[in-house]
Each structure stands twice: as structure tokens, then as C-alpha cells.
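Values in this text are rule-based calculations from the coordinates and carry no lab data. Since we're looking at a predicted model, the values are computed, not measured. Cβ: placed from backbone, ideal geometry, glycine included. Neighbour counts: every protein chain shown.
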Amino acid sequence: MNKLYFFITLILFQFVFSQKNVYTNDTIKSIDKYIEDFVLSNKGRNNLNKDFQNFNGTNLDGSNYSSLENTKITFYNFWFTTCTPCVLELPMLNELKSKYNNKVDFIAVTFEEKKDIEAFLKKFEFNFQHIRMKKNQISSLFFTNGYPTTVIVNNGKIVYCYYGGPGDKNSKYYKPLIKKLHQEYEDILDSIIN
């Protein structure tokens, strides 16, 4: 259902701005407000308190990974290298990892090839443990509705789930969204840890 609202919003947004002369500034402002409310809304909340769907993948070193191995609070980020919103949130994610490293496992999951991930990591800092899975395996996880997707798991239950992110660093939504996500991530991690 959220995907449908997103696509309707996207189509409406594109139509409005391709027809600039047809609409008044008030109409455009109300559409901007709707998009802001949608972008900054609490997406993924329908997954809260559900059992985490365990999965298997491969570490970059070729060893097997099972989500069952994680005994600490686990912060999962589903991403890929050419996903602009995924890349734009990396500095914030690295800050979280630095702050909570000893108390939380940080796992990045992607469908991309090892060589592509390694080439990306030479250009961009992303300090998570990196897991590879097939794209259809990621799609089969009920909590992945888009990229990036962040899922925080504690004691086998999803305590936080959010998907999506800023598509453009120059967008007026970039800073508010990153700030909001950073605060939400800290709040939920602090509430579990303390």
C-alpha cells in the first residue's frame, strides 16, 4: 500500500512541476507539504514487533553468514552502490556505528557482486559488516519495501523499520530527513541499551 502512495505522489509531483504555469503557488505549496509529510512519515511501522525473518548470506571474505549468529541488538541496512539515498545516508550511518559499535552489530546487506562492493568501499567509507545475498532473497524478506531499508532487531523482534531516503543532497528534504533518521536511530538504540 505504501508503494502505491509513493508512486501516486511521485507521478503527481512530476505532473505538477511539468505543468508549472497551470498551478498557483498555493497549490504547489500544498503539494510540497503533502510530499514532506509523506517523506518524513513513519514508513515501515507495520513491521514493528514482528518476528525477524532470519536469512543467510555471504560475507565479503566468502564465509557464510546467518542472521541467527547475531546475539546483540542488530542494525541492518539494505542498500546498493548506485542507490543515491543509500549513499547519502552513509556518513550518518558511520557516526552511529562509531557511537554504538560495542553494543550493536551493524550489518549492511546488498545483492551486488563482491568486486562492485569492494570498488565502492575504496571510494566511500561504510564501516558495517557487509553481507551479500541474491536480489530475490532480499525481495522475499517481508520488511524490505525499498532502498535503503533499515531494520533494528532486538531479541528476534523488529523494533524499528524504515525504508527510503533523500534522493538528492540539494533537496530541501535532505537535511531534515537525515536529522530525523539519525535522531530516531539514536532514540531507539538508547531505549534498548539503557
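With a point put 7 Å past each Cα toward its Cβ, work out how far GLU95 is from LYS72 in nm, to one decimal.
Going by the 7 Å Cα→Cβ label model, 2.0 nm.
Residue-wise, which Karplus ³J(HN,Hα) couplings in Hz belong to the stretch 53-61, taking 6.51 cos²θ - 1.76 cosθ + 1.60, θ = phi - 60°, and x for glycine or proline?
Couplings: 7, 5, 8, 10, x, 10, 5, 4, 7 Hz.
Output wanted: per-residue J couplings in Hz (rounded whole) for the stretch 62-73, from phi through Karplus 6.51 cos²θ - 1.76 cosθ + 1.60, θ = phi - 60°, x for Gly and Pro.
x, 6, 6, 10, 10, 5, 5, 5, 6, 9, 8, 4
Under a 5 Å amide H to amide H cut-off, with H placed in plane at 1.01 Å, what residues pair with GLU112 once short-range neighbours are removed?
MET133
Return the percentage of antiparallel bridges among DSSP beta bridges fully within the stretch 57-194, rounded to the nearest 5 %.
Expressed as a percentage, antiparallel bridges in the stretch 57-194 total about 60.
With θ taken as phi - 60° and the coefficients 6.51, -1.76 and 1.60, list the Karplus ³J(HN,Hα) couplings across the stretch 81-97 in order, rounded to whole Hz; mark glycine and proline as x.
5, 9, 8, 4, x, 5, 5, 5, 8, 4, x, 5, 5, 5, 4, 4, 4
Filter the cross-link list LYS157/LYS180; LYS72/LYS169; LYS115/LYS169; LYS50/LYS115 down to pairs whose alpha-carbon distance in this structure exceeds 30 Å.
As for pairs spanning more than 30 Å Cα to Cα, those are LYS72/LYS169; LYS50/LYS115.
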